[in-house]
Each structure stands twice: as structure tokens, then as C-alpha cells.
Amino acid sequence: MTTSETTAVFHDPPVPVRAKLAAAWTSFMFLYIYVDYFALYKPGVVDDIQAGVVWEFGIDQTLLTVFLVLVSIPALMIVLSMALPARPTRTINLVVASVYIPVSVFNAAGESWAYFYGLSIGLEVLLLAFILRSAWTWPRTTSRR
């Protein structure tokens, strides 16, 4: 008597590059926002905010606009990664992810909480590296002209 065992394999179709990019930007955005949110739990941070200071900067319209721009760009990258044609999507992802690596590292400048900021920057940079790799290795097709 011969027994034949069958193993069910999960169907795992390839994920489109656009979806990978949008998912990575979504993850980056959530992480970026939550790091700022959790930083509010550090002793003295809320007191400084109530006194009108963030880091060494006075809280004013310009500072808050810069913060809004820094958070808005990853949010817009989600939409742009899904909506733009392939070539500009690839280019803009390469440029923006490259710019955000030093921005992420700069956010920890002068901070004393090495574990918290080290982990957060490490995760942000890993996501940005994933974005860069996904955009850089975007599959190409040949076309006849």
C-alpha cells in the first residue's frame, strides 16, 4: 500500500513594487509619529513645551510648519507611490528616502536616551533602506518602439 501525502502550500503571489513602497512609507510614517509621541513621556519635555520651547527652539508658526512638512512628506509618499507613473515614482522614492536618512539621524542629535533613539532611528533607516532597495531594483520590461 502506497500513501501519498499532499502538502498544502500557501498561494503567495508577488507583491507589486508600488504596494511595497506604500506599505513601507505607511510604516515609516507611523513610526516617525509615534517616536515623537512617546518622546513626550520623557521627564521635562511637556514642561518645556508648556514654556514654549522644543529642544532649543521657540515654538512658533515656522517651527510647527517645519514639523508639519516633515510628517506630511511620508504621508504624501504613500499616495504618490500608488498614483504616479513608474519612472517618476521610482525617482521620487529614491530621492525622498535618501534625504530622510540624514533627517532621521538628525532627529536624535543631542538626545541622551540611546536605547530609545537608537532603536527608533535603526527601524526608520531599515524602512528607508527597504524603500531604496525596492525602488532601485524595480523590475523593468523591454518595449519595442
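Here are the numbers for this structure:
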item	result
Residue satisfying condition, being in contact with an Asp or Glu (Cβ under 6 Å, 6 or more places away or on another chain) and under 19 Å from Ser27 (Cβ atoms), within set Ser104, Ser98	Ser104
Flag if Asp48 is among the charged types (D, E, K, R), surrounded by 10 or more Cβ atoms within 10 Å (Cβ to Cβ) and within 24 Å of the chain's Cα centre (by Cα)	no
The lone exception for Gly110 - which of (1) free of Cβ contacts under 8 Å to residues at least 40 places away in the same chain; (2) surrounded by fewer than 11 Cβ atoms within 10 Å (Cβ to Cβ) it fails	(1)
Filter pass, Leu94 being under 13 Å from the mean Cα position of the chain (by Cα) and in contact (Cβ under 8 Å) with a residue 24 or more places away in the chain	yes
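Let's see how each residue does on (1) farther than 16 Å from Phe116 by Cβ; (2) in contact with a Gly (Cβ under 6 Å, 6 or more places away or on another chain); (3) touching a residue at least 24 places away in the same chain (Cβ under 8 Å):
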{"site": "Thr7", "(1), (2), (3)": "yes, no, no"}
{"site": "Pro16", "(1), (2), (3)": "yes, no, no"}
{"site": "Leu21", "(1), (2), (3)": "yes, no, yes"}
{"site": "Ala24", "(1), (2), (3)": "yes, no, yes"}
{"site": "Phe28", "(1), (2), (3)": "yes, no, yes"}
{"site": "Tyr32", "(1), (2), (3)": "no, no, yes"}
{"site": "Gly44", "(1), (2), (3)": "no, no, no"}
{"site": "Asp47", "(1), (2), (3)": "yes, no, no"}
{"site": "Val53", "(1), (2), (3)": "yes, no, no"}
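Rundown of residues vs (1) surrounded by 15 or more Cβ atoms within 10 Å (Cβ to Cβ); (2) within 29 Å of Trp138 (Cβ to Cβ), yes/no style:
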residue	(1), (2)
Ile33	no, yes
Phe38	no, no
Tyr41	no, no
Pro74	yes, yes
Ala86	no, yes
Val95	no, yes
Leu119	no, no
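Residues checked against (1) touching a Ser or Thr at 6+ places or on another chain (Cβ under 9 Å); (2) of a type in the set (Ser, Thr, Tyr):
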position: Phe30; (1), (2): no, no
position: Val35; (1), (2): yes, no
position: Tyr41; (1), (2): no, yes
position: Ile49; (1), (2): no, no
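No lab work stands behind these numbers, since they all come straight from the coordinates. Computed from a prediction, not measured in an experiment: that's the story for all the values here. Positions of Cβ are generated from backbone atoms using ideal geometry, with glycine treated the same way; all protein chains shown enter the neighbour counts.
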